[in-house]
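These notes are about the structure you will find just below.
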Amino acid sequence: MDRTFCFVPVRKGSRGIPGKNLRMLGDKPLVCWIIDTILASGIADEVCVANCDEMESLIRGRYKEVVRIFRRSEWSARDEAPSLEVVQEFFYFCKPDRNDDFILLQATSPFTTAQELRGLAEEMKRGEADSYVACCRLKKFRWSDLDYSFETKPRRQEYKGFLIESGAFYASTVGRILDSGQLLSGVVKVVEIGPAGVIDIDEEADWRLAEHYIETGL
């Protein structure tokens, strides 16, 4: 029977915010936000966190055997390494079935919701695409690629906006990732997520925005 892997890669350090994955955001460490959401969604047959020993005691203490730890190499954890490297490393050592669904989720997107993940799982079940990516809709007017003429500028309420890749999650099958050497390939479908998904924590300003969201819900 095909399985669904939810995979959360975390690095040992961070240039923008040192130690951010273990830093308390609200009432829990940053990395726990996405893990708790995955578990609440009920979509995963296996949840795996890839790290370099930094948070093993936290994961084991909080989640016991419910969450698996994959010890990524120092090479795949370097700052310039793309996420694909640790995914390929995981496939090489753990050998999931080619037909298994694979969802990569970022700890830096703490406000991904369980409902959004269940929506992703439903899309994957329908099988209308080969890969799936999380996007947020922004209702801002672009000047790099002007969305309107000066004579007919729409009201904001009438403007559909545009989609940006949020980085919250990427999904495909194990086999397609292996064959293409990409997280996304073939027919790619957008899974639209809510406005909080635009918060991607990389710098201190992002962290303050996340704290403000927790405090106010805005």
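The values are calculated or read from the model by the stated rules, or taken from the named source; none is laboratory data. The structure presented is a predicted model; accordingly, all values stated were derived computationally and were not measured. A quick note on method: Cβ atoms are made from the backbone with ideal geometry, for glycine too, and the neighbour counts reach across all protein chains shown. Just so you know, the surface numbers come from the protein's heavy atoms only, side chains and all, with ligands and any DNA or RNA stripped out. Shrake-Rupley method; radii C 1.70, N 1.55, O 1.52, S 1.80 Å.
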May I ask you to list pairs of residues, at least six apart or on different chains, whose Cβ atoms are under 6 Å apart, with the first in segment 7-24 being open to solvent by 10 Å² or more (accessible area, probe 1.4 Å) and the second being modelled with pLDDT of 90 or more and outside any helix (DSSP H, G or I)?
-> PRO9/ALA50; GLY16/ASP202; GLY16/GLU203; ASN21/VAL10; ASN21/ALA107; LEU22/PRO29
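Going by what's in this entry, would GLU74 be described as open to solvent by 20 Å² or more (accessible area, probe 1.4 Å), part of a loop (DSSP other than H, G, I, E, B) and not hydroxyl-bearing (Ser, Thr, Tyr)?
yes
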Residues that are in contact (Cβ under 8 Å) with a residue 40 or more places away in the chain, open to solvent by less than 30 Å² (accessible area, probe 1.4 Å) and in contact with a helix residue (DSSP H, G or I) (Cβ under 9 Å, 6 or more places away or on another chain), drawn from segment 36-69 = THR37, ILE38, SER41, ILE43, VAL47, CYS48, VAL49, ALA50, ASN51, MET55
Matching residues in segment 89-127 - criterion: being open to solvent by 50 Å² or more (accessible area, probe 1.4 Å) and within 21 Å of GLY167 (Cα to Cα) | THR113, GLN115, ARG118, GLU122
Flag for ALA210 being over 30 Å from LEU30 (Cα atoms) and modelled with pLDDT of 95 or more = no
Tally the residues that are more than 18 Å from the chain's Cα centre (by Cα) and open to solvent by less than 50 Å² (accessible area, probe 1.4 Å), restricting the search to segment 172-216.
-> 3
Being over 19 Å from ILE34 (Cβ atoms) and either at pLDDT 95 or above or part of a strand (DSSP E or B) (or both) is the filter here, so list the residues in segment 151-175 that pass it.
-> PHE162, LEU163, ILE164, THR173, VAL174, GLY175
